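S.K.: This is the structure I have questions about; it appears just below.
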Amino acid sequence: MNLTTLKTLSFILVLAFSNNLSAQKLDQILSRGEVHGNFQLDMQYYQEDSLIGASEVPEDVLMNAFANINYINGNFSAGFRYESYLNPLLGYPTKYKGNGIGYRYASFTKEKMSVTVGNYYEQFGNGLIFRTYEARGLGYDNVMDGIRINYKITEGLNVKGIIGKQRLYFEYGEGILRGIDGELMINDFLGGALKDSKTKVTLGGSFISKFQADQSSQYNLPENVGAYSGRFDIRRGKVSFNGEYAKKINDPSADNNFIYKEGEAFFAQTTYSTKGFGLTLSAKGVDNMSFRSDRNASLIDLQINYLPALTRQHAYNLLATLYPYATQPNGEVAFQGEMVKKFKKGSFLGGKYGTSILLNYSTVYNIDSTALPAGDTTQMGYTSNLFAVGDEKYYEEINIEITKKFSKKVKAIFTYSNMVFNQAVIQGKPAVDYPTVYANIGVIDVTYKFKKKHAIRAEFQGLFTKQDQQDWATVLLEYTFSPHWFVAVMDQYNYGNKYKEKKIHYYFASVGYVKGGNRIALGYGKQRAGIFCIGGVCRNVPAASGLTLSITSSF
Amino acid sequence: MKKLTLLSILIIASFAFTSPNETRTIPSVNLKNLEGKTVNTSSFNNDGKPMIINFWATWCSPCKRELNNIADVYEDWVEETGVKLIAISIDDARNSGKVAPYVNGKGWEYEVYIDSNQDFKRALNVNNVPHTFLVNGKGEIVWQHNSYSEGDEDELYEAVKKLAAGEELNSKK
C-alpha cells in the first residue's frame, strides 16, 4: 500500500465532501474546476548499422511516453503523470522499463499557507544544497515524495518546509530529506519609505538534512548529514549583485571515496544592464559538494543539490553535443562573463536593420588541494582552499555571436567559438588516450524568408580540432511553411577523422506538423553517439539508425 | 495500491465530466520579476486587452528568434491593439542571471518573469519551449501554439487583432 496515494485521495475526498455540502453547492464548486494536461510520445524503429556502431535492438521498436493530467479548482489542485517505457529508448536509463505513475500530488492554498502532499519539485535559492527537478528527455527526475508547506508569514517574509524521499526510477530512495528555507525581502518587510526605494535587498537562508541508516561494517558513517546556505540579492536600477554560500558537514560517499571532509560551495554574480547593453559576471567554487540521498548512489541517481555549470549553454549541434561541460562536484572554480550589445538601426555598425553582438567567456579550473600523506588516519582525504584556483584547466571557451539583419527577407547569426575541453576529467576517460581537446568552431545560420509564411533556414557548422575525432562539418537545411509544416535535412560528416572507416556521414531527415498545442514529427536517418545535456545533467546516447516518431500535445 | 490509484484517477476524471466549464484561466503561481520581487501570475492583467504569454529560455534558439522577430514589430502591435507580451523565462540558476542583461541588451519591451522552478510551465502543461498562449480581455486562455517557425508571429497577430476587436477565435483551445 502506498501511503501518499492514500493521502492524495483523502485530500480530494475531504475537500469535496466536507461541511455536508448540498448537492447544489457541490455542483457550483465543481463547475469552477478545470482539467488540463499534456502528452509526449517518442518512438523509434531501430536498424542495425555496424558502420556507425548501432547494435541490434531485439525489440526492433522502443518507446517512451508520458501524460500529465492536472485538475485545478480555485486554490485546490491535484494531478498525476502516467509514464510508459516499452521498452525505454536506447541511451535512456534502462531502470525505467515498464509503466507506472511517476508523479501524483494534491495541493491547496488556504490564506497564507499552501500545502502539497505527494510529489513536488522544489529548490532553495540557487539549488546549491537543494533542488529537485526533471529533465524528462534525459530520464532525470529526482522529484520529492512527501509533504511541502509554504507559509507567507508576513509581507516580505516567506518560509518553506519540506520532508520526503526522492524518486529513483519507479521507486524511492532510501534516504529521508528534511529542510527549511526562509526568504526575506527587506523592502516589503520593513515597508514605509523603503518599499519604494530603488535599492531592493533580499536575504535568504536554508537548511537541509538527510537521514540514511549506517549499514557499513567498515566505516562509522554519519546517519544524519546537514547542509546549510545563506544568500543575498541587492539590486538598484541597472545594477544587481547576488551571492550564495553553502556548507555541508562530513558526508562520506561513493562520490568522494568515503572521506570525512566537509563540503563547501559559493556562487556570486553581478549584472549591469541598460537599454541596448547587458553585462553578467559570475564566479563559482565547489569543493566536495556531491550530495545524494543515498551515499552509494551514482550517475544521475538521487542528487539532492544542483551545482550549475558556469559555461555558455549551447544550442547548435556541434557546439552542444560533442564537448559539453558538466560541473565537477568534487571540486572546481569557474568564472564567466557575458556581454550583449545591440547597435541601433541606422548607426554605422547597426546598418539599416540593426546588428547585435554577444560575447561570452568562461573558464573552469580545479581547486588548489593537497592530498593528505599516506598513512593518514583522519580520513579527511585532502586539504584545500575553496577560493584558490588550481593549475589544471578543465574548460575554457571564448564565444562570439553576431546577429545581423540584412534586409526584410534575410538575416543571419554568425558564431565563433574557441574551446578547450579536458575530456579526461570531464568525461572520466584515461588521460593517456584522451588528451585535452582544443577546438575552433564556426557556425553560420542564415534565414531567408522568401515569401510570407515561407522560409528557408540553413546552418553551416564546422568544428576543427587535431584531437579526439578531429574535424566535423554539419549542414542543416530547414524549410518552414508557417504555421503548420516543417521539413528538414541534416548531414553531419566526420570528414577529418584520421581513420578512413570513421569518416562517416550521419544524415537525418525529418518532417513535422504543428497545430495549436499539437506537434507530430517523423524522422529517418543516423544519429551519432553523443552526449546530450539539459541543465547540468548529461547522458551518453549510443549511435542509432532508423525511423523516429515524436508526438507532443498540450491541452 | 493499484485499486487506490485507479480510484483517485476516476475521481479526478469525474470532476472533469461534471464540469461544464469550458474556459481556461491562468493558474496561480509565484514567479520572480526582473527586480527580484515575487509576483503571482493571478495578478497578470492588461486592462481588458489581450495578453500573450510566451515561454522561452536563454539557451533556446527558436525562442530567441521568435521574441527578437516580435520585438521588431512590437511597437506597432501595442499601438494597434494594446496587446501586452509577457515573456516567461524557464532558465534555472545556470542562466537566470543572464536574463535581465539579455532582455535589456536586445532592447525588448516585454514584461519578463523568471520561472526557475518551472512551476508555471508545469501548471500550464508546457512540454517544450517555445510555447505561446493568448489570453483574451477576460483573462481566459483562448489560443496556444507550440514551437516557432519564421512567420508564426503573423498568425499570432491575426488572433490578437480579432481579440482586440472583440471577436471570438474559431478554435477555443
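S.K.: For segment A:303-355, give me the residue count where each residue is among the hydroxyl-bearing types (Ser, Thr, Tyr), part of a loop (DSSP other than H, G, I, E, B) and more than 15 Å from the chain's Cα centre (by Cα).
M.R.: Residues flagged as among the hydroxyl-bearing types (Ser, Thr, Tyr), part of a loop (DSSP other than H, G, I, E, B) and more than 15 Å from the chain's Cα centre (by Cα) within segment A:303-355 amount to 4.
S.K.: Right, another one. Would you pick out the residues in segment B:33-63 that are at pLDDT 95 or above and among the basic types (Lys, Arg)?
M.R.: Selection gives B:Lys49 alone.
S.K.: Taking A:Gly137 as the residue in question, decide whether it is in a strand (DSSP E or B) and either closer than 15 Å to A:Glu83 by Cβ or touching a Gly at 6+ places or on another chain (Cβ under 9 Å) (or both).
M.R.: No; evaluated as a whole, the condition is false for this residue.
S.K.: If you don't mind, there's one more thing I want to ask. Might you let me know whether segment A:78-95 holds any residue that is within 14 Å of chain B (Cβ to nearest Cβ), closer than 15 Å to A:Arg136 by Cβ, buried (at least 17 other Cβ atoms within 10 Å of the Cβ) and of a type in the set (Asp, Glu)?
M.R.: Scanning segment A:78-95 turns up at least one residue that is within 14 Å of chain B (Cβ to nearest Cβ), closer than 15 Å to A:Arg136 by Cβ, buried (at least 17 other Cβ atoms within 10 Å of the Cβ) and of a type in the set (Asp, Glu).
S.K.: Moving on to the next point. Condition first: without any contact (Cβ under 8 Å) to a residue 24 or more places away in the chain and under 22 Å from the mean Cα position of the chain (by Cα). Now tell me which residues in segment A:85-101 satisfy that.
M.R.: A:Tyr85, A:Thr94 - these are the residues of segment A:85-101 that are without any contact (Cβ under 8 Å) to a residue 24 or more places away in the chain and under 22 Å from the mean Cα position of the chain (by Cα).
Okay, residues lined up against (1) touching a Cys at 6+ places or on another chain (Cβ under 8 Å); (2) without any contact (Cβ under 8 Å) to a residue 40 or more places away in the chain; (3) under 25 Å from A:Gly161 (Cβ atoms):
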| residue | (1), (2), (3) |
| --- | --- |
| A:Arg236 | no, yes, no |
| A:Asn257 | no, no, no |
| A:Lys261 | no, no, no |
| A:Ser282 | no, no, no |
| A:Leu302 | no, no, yes |
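S.K.: While we're on this one: Select, from A:Ser554, A:Ser482, the only residue that is touching a residue at least 40 places away in the same chain (Cβ under 8 Å), touching a His at 6+ places or on another chain (Cβ under 8 Å) and within 14 Å of chain B (Cβ to nearest Cβ).
M.R.: Sole residue among the options that is touching a residue at least 40 places away in the same chain (Cβ under 8 Å), touching a His at 6+ places or on another chain (Cβ under 8 Å) and within 14 Å of chain B (Cβ to nearest Cβ): A:Ser554.
S.K.: Looking at segment A:242-290, which of its residues are more than 15 Å from A:Gly125 (Cβ to Cβ) and within 11 Å of chain B (Cβ to nearest Cβ)?
M.R.: Those that are more than 15 Å from A:Gly125 (Cβ to Cβ) and within 11 Å of chain B (Cβ to nearest Cβ): A:Thr270, A:Thr271, A:Tyr272, A:Ser273, A:Thr274, A:Lys275, A:Gly276, A:Phe277, A:Gly278, A:Leu279, A:Thr280, A:Leu281.
S.K.: Considering only segment B:83-115, state which residues are under 16 Å from A:Gln269 (Cα atoms) and among the small types (Gly, Ala, Ser).
M.R.: Scanning segment B:83-115 gives B:Ala93, B:Ser96, B:Gly97, B:Ala100.
S.K.: Among the residues of segment B:24-39, which ones are at the interface with another protein chain (Cβ under 8 Å from one of its Cβ atoms) and either among the small types (Gly, Ala, Ser) or more than 13 Å from B:Ser116 (Cβ to Cβ) (or both)?
M.R.: Selection gives B:Arg24, B:Thr25, B:Pro27, B:Ser28, B:Glu35, B:Gly36, B:Lys37.
S.K.: For segment A:112-127, give me the residue count where each residue is out of contact with any Lys or Arg (no Cβ under 8 Å at 6 or more places or on another chain) and in a strand (DSSP E or B). Before the answer, list the steps.
M.R.: At the first step, the residues of segment A:112-127 found to be out of contact with any Lys or Arg (no Cβ under 8 Å at 6 or more places or on another chain) are A:114, A:127.
Applying the additional criterion that residues be in a strand (DSSP E or B) yields A:114.
Adding up the residues that qualify gives 1.
S.K.: Consider segment B:36-62. How many of its residues are among the charged types (D, E, K, R) and surrounded by fewer than 17 Cβ atoms within 10 Å (Cβ to Cβ)?
M.R.: Residues in segment B:36-62 being among the charged types (D, E, K, R) and surrounded by fewer than 17 Cβ atoms within 10 Å (Cβ to Cβ): 2 in total.
S.K.: So A:Thr403 ticks every box in (1) surrounded by 17 or more Cβ atoms within 10 Å (Cβ to Cβ); (2) within 18 Å of A:Thr321 (Cβ to Cβ) but one. Which box is left unticked?
M.R.: A:Thr403 satisfies all of (1) surrounded by 17 or more Cβ atoms within 10 Å (Cβ to Cβ); (2) within 18 Å of A:Thr321 (Cβ to Cβ) except (2).
S.K.: Could you list, in sequence order, the residues of segment A:85-116 that are at positive phi and not small (Gly, Ala, Ser)?
M.R.: Answer for segment A:85-116, where residues must be at positive phi and not small (Gly, Ala, Ser): just A:Glu111.
S.K.: For segment A:461-479, which positions are within 17 Å of B:Arg65 (Cβ to Cβ) and free of Cβ contacts under 8 Å to residues at least 40 places away in the same chain?
M.R.: Of everything in segment A:461-479, those that are within 17 Å of B:Arg65 (Cβ to Cβ) and free of Cβ contacts under 8 Å to residues at least 40 places away in the same chain turn out to be A:Leu477, A:Glu478, A:Tyr479.
S.K.: What is the one condition in (1) part of a helix (DSSP H, G or I); (2) surrounded by fewer than 22 Cβ atoms within 10 Å (Cβ to Cβ); (3) free of Cβ contacts under 8 Å to residues at least 24 places away in the same chain; (4) within 11 Å of chain A (Cβ to nearest Cβ) that B:Glu79 does not satisfy?
M.R.: Among (1) part of a helix (DSSP H, G or I); (2) surrounded by fewer than 22 Cβ atoms within 10 Å (Cβ to Cβ); (3) free of Cβ contacts under 8 Å to residues at least 24 places away in the same chain; (4) within 11 Å of chain A (Cβ to nearest Cβ), B:Glu79 violates only (4).
S.K.: Given the criteria closer than 30 Å to B:Asn104 by Cα, within 11 Å of another protein chain (Cβ to nearest Cβ), among the basic types (Lys, Arg) and more than 30 Å from the chain's Cα centre (by Cα), does A:Lys238 qualify?
M.R.: Spelling it out, it is not the case that A:Lys238 is closer than 30 Å to B:Asn104 by Cα, within 11 Å of another protein chain (Cβ to nearest Cβ), among the basic types (Lys, Arg) and more than 30 Å from the chain's Cα centre (by Cα).
S.K.: Exactly one condition in (1) buried (at least 19 other Cβ atoms within 10 Å of the Cβ); (2) within 11 Å of chain B (Cβ to nearest Cβ); (3) at pLDDT 90 or above; (4) under 30 Å from A:Met113 (Cβ atoms) is not met by A:Gly37; state its number.
M.R.: For A:Gly37, the exception is condition (1).
S.K.: Residues that are β-branched (Val, Ile, Thr), at least 3 per element: which strands (runs of 3 or more DSSP E) completely within segment A:453-515 meet that?
M.R.: Ranges flagged: A:472-481.
S.K.: Can you tell me how many residues in segment A:120-154 are within 11 Å of chain B (Cβ to nearest Cβ) and over 23 Å from A:Lys248 (Cβ atoms)?
M.R.: The total comes to 6.
S.K.: Out of the residues in segment A:291-309 that are over 17 Å from A:Ser209 (Cα atoms) and crowded, with 23+ Cβ neighbours inside 10 Å, which is farthest from the other protein chains (Cβ to nearest Cβ)?
M.R.: For segment A:291-309, the residue satisfying everything is A:Leu307.
S.K.: Separate question: Name every residue in segment B:57-75 that is at the interface with another protein chain (Cβ under 10 Å from one of its Cβ atoms) and within 16 Å of B:Ser149 (Cβ to Cβ), in order of residue number.
M.R.: B:Cys60, B:Ser61, B:Pro62, B:Cys63, B:Lys64, B:Arg65, B:Asn68, B:Asn69
S.K.: Still on this structure: Is it the case that some residue within segment A:433-442 is farther than 30 Å from A:Pro329 by Cβ and either within 14 Å of another protein chain (Cβ to nearest Cβ) or part of a strand (DSSP E or B) (or both)?
M.R.: yes
S.K.: Then there is this: Of the conditions (1) touching a residue at least 60 places away in the same chain (Cβ under 8 Å); (2) buried (at least 19 other Cβ atoms within 10 Å of the Cβ), A:Gly156 fails just one. Which one is it?
M.R.: For A:Gly156, the exception is condition (1).
S.K.: With A:Lys429, A:Lys408 as the choices, which residue is outside any strand (DSSP E or B) and within 11 Å of chain B (Cβ to nearest Cβ)?
M.R.: The unique qualifying residue is A:Lys408.
S.K.: State the number of residues belonging to segment B:34-69 that are of a type in the set (Phe, Trp, Tyr) and in a helix (DSSP H, G or I).
M.R.: 0
S.K.: Could you tell me whether segment B:94-113 includes any residue that is basic (Lys, Arg) and part of a helix (DSSP H, G or I)?
M.R.: Within segment B:94-113, one or more residues are basic (Lys, Arg) and part of a helix (DSSP H, G or I).
S.K.: Can you give me the number of residues within segment B:134-157 that are over 12 Å from the mean Cα position of the chain (by Cα), under 16 Å from B:Glu66 (Cβ atoms) and more than 8 Å from chain A (Cβ to nearest Cβ)?
M.R.: Within segment B:134-157, residues that are over 12 Å from the mean Cα position of the chain (by Cα), under 16 Å from B:Glu66 (Cβ atoms) and more than 8 Å from chain A (Cβ to nearest Cβ) number 4.
S.K.: Consider A:Arg312 carefully, then state whether it is touching a residue at least 40 places away in the same chain (Cβ under 8 Å), surrounded by 20 or more Cβ atoms within 10 Å (Cβ to Cβ) and more than 30 Å from A:Glu174 (Cα to Cα). Step through it out loud before you land on a result.
M.R.: On the way: touching a residue at least 40 places away in the same chain (Cβ under 8 Å): yes; surrounded by 20 or more Cβ atoms within 10 Å (Cβ to Cβ): yes; more than 30 Å from A:Glu174 (Cα to Cα): yes.
So A:Arg312 fits the description; yes.
The values are calculated or read from the model by the stated rules, or taken from the named source; none is laboratory data. None of the values given here were measured: they were computed from a predicted structure. Cβ atoms come from the backbone with ideal geometry, glycine included; neighbour counts cover every protein chain shown.
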